[in-house]
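The values are calculated or read from the model by the stated rules, or taken from the named source; none is laboratory data. Worth saying up front: this structure is predicted, and the values here are computed from it rather than measured. Note: ideal-geometry Cβ built from the backbone for every residue, glycine included; neighbour counts use all protein chains shown.
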């Protein structure tokens, strides 16, 4: 695995990308995250790792836009969880929940692509039947059996 890209934060609060040899913005940092480019942000003064702080700034900017993800109640609960004996448990739980959600999201996206025409065997079926079949398949993949609760029309 290659070394992470180094971003330096100067005392004037500007971020400098050492790979691209240019100053970057928080939007550029967001792009690196989205593109899954491994990076580390270091403080130029003392060479300390400040990546978490920069990521929090990116999240803060995103949350101030039109459709925030984090509710006020959720943020209050996160603040309250800091410093108590459950802090590590809460952090691990939230991280695992997000990983699980992203995994399920990828499965849903794959099934929707199959319905839209990527899966040749499903293309021959009417769209309503394809949607029902895809829903059943996804439910099975997620560990639920939808057939046991379903009542067949007469």
| remark: residue 137: passes all of (1) in a helix (DSSP H, G or I); (2) at pLDDT 90 or above but (2)
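Mind checking which residues of region 28-51 are more than 13 Å from residue 5 (Cβ to Cβ) and touching a residue at least 24 places away in the same chain (Cβ under 8 Å)?
Within region 28-51, 30, 43, 44, 45, 50 qualify.
Let's see how each residue does on (1) loosely packed, with under 11 Cβ neighbours inside 10 Å; (2) part of a loop (DSSP other than H, G, I, E, B):
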position	(1), (2)
52	yes, no
59	no, no
73	yes, no
85	yes, yes
| query | Would you call residue 80 closer than 30 Å to residue 140 by Cβ, assigned to a helix (DSSP H, G or I) and either without any contact (Cβ under 8 Å) to a residue 60 or more places away in the chain or over 18 Å from the mean Cα position of the chain (by Cα) (or both)? | reply | no
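For residue 28, state whether it is outside any loop (DSSP other than H, G, I, E, B) and surrounded by 12 or more Cβ atoms within 10 Å (Cβ to Cβ).
Details: outside any loop (DSSP other than H, G, I, E, B): yes; surrounded by 12 or more Cβ atoms within 10 Å (Cβ to Cβ): yes.
Yes: the conditions hold for residue 28.
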